[in-house]
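The values are calculated or read from the model by the stated rules, or taken from the named source; none is laboratory data. Treat the numbers as computed from the prediction; the structure is a model and nothing was measured. Glycine gets a Cβ as well: all are built from the backbone with ideal geometry, and neighbour counts include every protein chain shown. With ligands, DNA and RNA removed, areas are computed over all heavy atoms of the protein, side chains included. Shrake-Rupley method; radii C 1.70, N 1.55, O 1.52, S 1.80 Å.
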Amino acid sequence: MATYRTHLLVCAGTGCVSCGSFALKEALEREVARRGLQDEVLVVATGCNGFCERGPILMVHPEGIFYQRLAVEDVPHLVEEHLVKGRPVQKFMYVPPAAEAPVPRMADIEFFKHQRLIVLRNRGRIDPERIEEYIAYDGYEAAAKALGRMAPEEIVAEVSAAGLRGRGGAGFPTGRKWDLCRRQPASPKYLICNGDEGDPGAFMDRSVLEADPHAVLEGMIIGAKAIGAARGFIYIRDEYPLAVQRVGIALGQAREMGLLGRDILGTGFDFDLEIVRGAGAFVSGEETALIASIEGQRAYPRQRPPYPAEHGLWGQPTVINNVETWANVPSIVRRGAAWFAGLGTETSKGTKIFSLVGKINNTGLVEVPMGICLRDIIYAVGGGIPKGREFKAVQIGGPSGGCIPRELLDLPIDYESLTRAGAMMGSGGMIVMDEDTCMVDIALYFLRFTQEESCGKCSPCRIGTRQMAEILARITDGRGTLDDVGKLEALASTVKRGALCGLGQTAPNPVLSTLRYFRDEYLAHIVDRACPALVCKSLVAYYIEPGKCVGCLLCLKSCPVNAIAGERKKVHVIDQAACIKCGACFNVCPAKVQAVSKYTGEKGRAIA
């Protein structure tokens, strides 16, 4: 096997691909060949590196130099300086604020150094389309151990002792689910990987499937031995073409090497997998709706019990876990339950992956130990809030999660703590909000999402979410009443108790959590007819301050409805009746002038 002095690891996850990483890889290969370095330098396309906000990303191994936001035209200079002359190019690096080292390594960057990688252990270091690279990092060692040296009940016991809980929603104990299915007398049994990731701002499962598909396959092979299944399905939404492609390649490679199919590794165990491409309905993430989709039916949830472990796909016992859960299994079997159980908290073991997005400096994918406090994620890993603004809240658990306020920044991130706080772990979406966020508007946004994604099968969800959305819309429009607050709480309770599936049962969470922590904002909208965050259009007005306007005409030219009148070097005026409150005038007014002001409530109150 050829050896190289340097590996150029180009992030080729979807985020970096959208920024041109494939073109960057080709440019690097051309320049390396032009310089005659092809026998010394290997260019590798990896999966998601995690620091998505800085893409396209290049990591130089083994030095650990982290380059960010590279363009094709940067390549000749980078190769000349770093690879030929041995001088890392600082202007292409990500240099954190107050960096101690003039040439910071990836391990020194705050975003990376607070993480603990289990599921993402291979991120950014292997080519996901080469099974040999996965195997080189202990890949399929756990499958060989489980198939060759462990009985099914021993595998289940190991996963149970590790304390692994499902990473896709409510956190049900994985070992208990497997044991229930294993004990069912009916045959055949099936396995399903739930890769239908529909939460706004979430991309955890997509990134794992793109970066390390064999980890998921290996976890499912072990799970199949544990419950006695010969057939499994990987359900991936069709909006994830790169994930579909890489999982397909991984399946073909695994079959070629005898890791899938008949008589795996000569153990007499038969198991194979196939991909099912989902149409992208949010409700398909609910396990019984996903099962219906695989069966070729409309993705409608089913009444539970019976649970899928007893009566699932085609009426047979079925284990369904999400991508992150399956990807945890090989490390547990290979390193032992005690090792995994030693991470996290008493009731929440291991690590959790979060997609950190929104009003945060370091957007990306992070894996942190269970029990880490929210403050450490937002400020140590995430780098705090842009432009020096104040943190206001974070939505955890997707559209069905809850909004956690700044007074709970020291809240430990585990299943029970989040539930008590009115949120949920969910699949791991984490949307950060700053002081310019209206929490009533946020509740309306998420409720409209769940309303539109509701399958409509049960009345509490179909009608209740629509009614709550209508009330929230009235409040943000300045037409709410104090009675609406009580109506929202009553409707939320009814929907939670009466909805058929998890989508409806958790849909009221954004409303209940914002009422719990930000009730004053609701009252401001209702009583004062004001939006403290200056977001809700019906409660906001724009004015030009006579003492500041210099008559530059920028606002006049930018107004799409000609609501501004004035002449050059004379004070301009906004016709409030004609203004559509688009904010174009506010955005174009020069920073040194700041003549356009934003108000809420009566003029003179709550000035921006």
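Just to verify a result, which residue in segment 429-468, among those that are small (Gly, Ala, Ser) and open to solvent by 10 Å² or more (accessible area, probe 1.4 Å), is nearest to Pro510 (Cα to Cα)? Break it down into steps so the answer makes sense when it comes.
Taking segment 429-468 first, the residues small (Gly, Ala, Ser) are 429, 443, 454, 456, 459, 464.
In the following step, the residues that additionally are open to solvent by 10 Å² or more (accessible area, probe 1.4 Å) were identified as 454, 456, 459.
Numbers: Ser454: 16, Gly456: 20, Ser459: 20 Å.
This residue is Ser454.
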* Asked: Filter segment 386-417 for residues that are part of a helix (DSSP H, G or I) and open to solvent by less than 40 Å² (accessible area, probe 1.4 Å); which is farthest from Phe282 (Cα to Cα)?
  -> Pro386
* **Of all residues making up segment 322-359, the number that are under 15 Å from the mean Cα position of the chain (by Cα) and open to solvent by 10 Å² or more (accessible area, probe 1.4 Å)** => 4
* Structure fact -> Reported set for segment 338-378 where residues are assigned to a helix (DSSP H, G or I), touching a strand residue (DSSP E or B) at 6+ places or on another chain (Cβ under 9 Å) and aliphatic (A, V, I, L, M) is Ala341, Leu374, Ile377, Ile378
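Just checking, which of Arg516, Arg474, Arg479 is surrounded by fewer than 19 Cβ atoms within 10 Å (Cβ to Cβ) and either assigned to a loop (DSSP other than H, G, I, E, B) or modelled with pLDDT under 95 (or both)?
Result of the check over Arg516, Arg474, Arg479: Arg479.
Quick one: which residue in Val159, Val244, Val216 is outside any loop (DSSP other than H, G, I, E, B), under 27 Å from Ser417 (Cα atoms), open to solvent by less than 30 Å² (accessible area, probe 1.4 Å) and hydrophobic (A, V, I, L, M, F, W, C)? Give the steps one after another, and end with the answer.
Details: Val244 fails: under 27 Å from Ser417 (Cα atoms); Val216 fails: under 27 Å from Ser417 (Cα atoms).
Only one candidate qualifies: Val159.
Results for (1) modelled with pLDDT under 95; (2) crowded, with 21+ Cβ neighbours inside 10 Å; (3) in a loop (DSSP other than H, G, I, E, B); (4) of a type outside the set (A, V, I, L, M, F, W, C), shown as yes or no for each residue.
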residue: Ala492; (1), (2), (3), (4): yes, yes, no, no
residue: Val495; (1), (2), (3), (4): yes, yes, no, no
residue: Asp520; (1), (2), (3), (4): no, no, no, yes
residue: His525; (1), (2), (3), (4): no, yes, no, yes
residue: Arg529; (1), (2), (3), (4): yes, no, yes, yes
* **Checklist (1) free of Cβ contacts under 8 Å to residues at least 12 places away in the same chain; (2) out of contact with any helix residue (DSSP H, G or I) (no Cβ under 9 Å at 6 or more places or on another chain) applied to Gly456, failing item** => (2)
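Listed here are the residues, each with its yes/no results for (1) at positive phi; (2) open to solvent by 10 Å² or more (accessible area, probe 1.4 Å); (3) assigned to a loop (DSSP other than H, G, I, E, B).
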{"residue": "His7", "(1), (2), (3)": "no, yes, no"}
{"residue": "Asn49", "(1), (2), (3)": "no, no, yes"}
{"residue": "Glu53", "(1), (2), (3)": "no, yes, no"}
{"residue": "Arg87", "(1), (2), (3)": "no, yes, yes"}
* Asked: Within the set of pairs 6 or more residues apart or between chains, which connect a residue that is under 15 Å from Leu534 (Cα atoms) and modelled with pLDDT under 90 inside segment 579-607 to a residue that is assigned to a loop (DSSP other than H, G, I, E, B) and small (Gly, Ala, Ser) with Cβ atoms less than 9 Å apart?
  -> Gly601/Ala530; Glu602/Ala530; Arg605/Ala530; Ala606/Ala530
* Asked: Applying the selection to segment 162-184, what residues are at pLDDT 95 or above and either assigned to a loop (DSSP other than H, G, I, E, B) or open to solvent by 20 Å² or more (accessible area, probe 1.4 Å) (or both)?
  -> Gly163, Leu164, Arg165, Pro173, Arg176, Lys177, Asp179, Leu180, Arg182, Arg183, Gln184
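Do we find that Gly383 is modelled with pLDDT of 90 or more, open to solvent by 10 Å² or more (accessible area, probe 1.4 Å), under 17 Å from Phe203 (Cα atoms) and under 19 Å from the mean Cα position of the chain (by Cα) in this structure? Write out each step before concluding.
Numbers: modelled with pLDDT of 90 or more: yes; open to solvent by 10 Å² or more (accessible area, probe 1.4 Å): yes; under 17 Å from Phe203 (Cα atoms): no; under 19 Å from the mean Cα position of the chain (by Cα): yes.
In short, no.
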* **Complete set of residues in segment 21-43 that are under 13 Å from Tyr4 (Cα atoms) and buried (at least 20 other Cβ atoms within 10 Å of the Cβ)** => Val32, Val41, Val43
